[in-house]
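Structure first, commentary second.
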Amino acid sequence: VEGLAPNATLRAIPQWAAIGLVAVLSTVSSLGILVFSLTGSFTELTQALLQLNIRQVAALMPEASTGFLLQGIVAMLIGSLIVGIRASGAITAEREKQTWEALLLTPMTAKSIVHGKMWGIMGASYWYLVAYAAPALAISSLSGPLGFLYTLLWLGATVLAMYFIGAAGLWCSVRAPNSWRSLLNTTLLGYLGGLAIYTVTSPLIFLLAGMLLLMLVLVDYLAGTALAELAYR
């Protein structure tokens with residue numbers, strides 16, 4: 001009901017305006033990566049775009065894939081942090097407003113209430129995630145298969161990180177005496193725990209990334225676009 005905004009001031013902003021702002025920022029950031037990595041002239045880039053020569057467009061921006069890698073990491077950190085902040089106060093805020101006991105008197109079990117809060121927070125984040133992903137994926141495809149792969153992989157990592165940090169936030173919110181302590185515990189548990197999980201599962205992650213890259217190279221070969229050559233220069 002309240003969405004992702006942690007306070008009444010931010011909740012006063014219409015959801016469509018916030019989603020539109022995310023889409024604009026994602027578009028500007030993605031286009032900025034292409035512009036700053038451009039080695040040729042804008043005339044050459046415009047001609048390549050008008051001719052739909054994706055290979056030439058990618059050749060004019062050889063370092064764009066690194067920019068999309070960094071953008072994906074930043075998006076993951078911001079998305080998970082917003083969900084973590086919202087989740088860390090989900091239960092403590094009810095206690096501070098003295099409404100938690102009233103919720104426990106409803107026919108729903110405490111477990112159902114906590115699960116409902118988790119899915120409510122995640123459900124509120126989906127449109128923002130789509131607003132970021134749509135322009136980022138579309139524009140990153142111009143940089144070649146590697147830039148698109150980085151964007152796609154970190155988009156998946158963002159979804160997983162949001163679920164993990166959200167669950168950690170609710171766990172801390174149940175146990176912490178106040179919202180600030182819950183937020184601190186969420187940050188420490190979520191990101192340090194996430195780093196440990198990433199370290200343990202990194203071999204599997206690299207394997208899946210290699211398989212996905214192999215599929216893109218195969219599609220590139222069958223399509224005859226020769227974009228894969230640009231990714232390894």
task: For GLU44 and LEU137, compute 0.36 nm times the residue count separating them, minus their Cα-Cα distance, and round to one decimal in nm.
output: 31.2 nm
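Taking all protein chains as present, what is the carbon and sulfur share of the accessible area of the range 1-148, in % to the nearest whole number, probe 1.4 Å?
Its accessible area is 71 percent carbon and sulfur atoms.
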field: Kyte-Doolittle at least 1.0, axis length at least 30 Å by Cα - qualifying DSSP helices, the chain
entry: 15-36, 64-88, 145-175, 193-223
query: Over the chain, what is the relative contact order in whole percent, taking alpha-carbon pairs under 8 Å and six or more residues apart?
result: 30
message: Accessible area per residue for the chain in Å², computed with a 1.4 Å probe and the full protein assembly in place, what is it?
response: 58
message: Once ligands and nucleic acids are excluded and a 1.4 Å probe is used, how much of ILE82 is accessible, expressed in Å² to the nearest 10?
response: 80
task: Would you mind working out the magnitude of the charge dipole of the chain relative to its Cα centre, with +1 at each Lys and Arg C-beta and -1 at each Asp and Glu C-beta, to the nearest 20 Debye?
output: 580
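The values are calculated or read from the model by the stated rules, or taken from the named source; none is laboratory data. What you see is a predicted model; the values in this text were computed from it and never measured. Because the Cβ atoms are built from the backbone with ideal geometry, glycine has one as well, and the counts that use them run over all protein chains shown. What goes into the accessible areas is simple: the full protein's heavy atoms, side chains included, and nothing from ligands, DNA or RNA. Shrake-Rupley method; radii C 1.70, N 1.55, O 1.52, S 1.80 Å.
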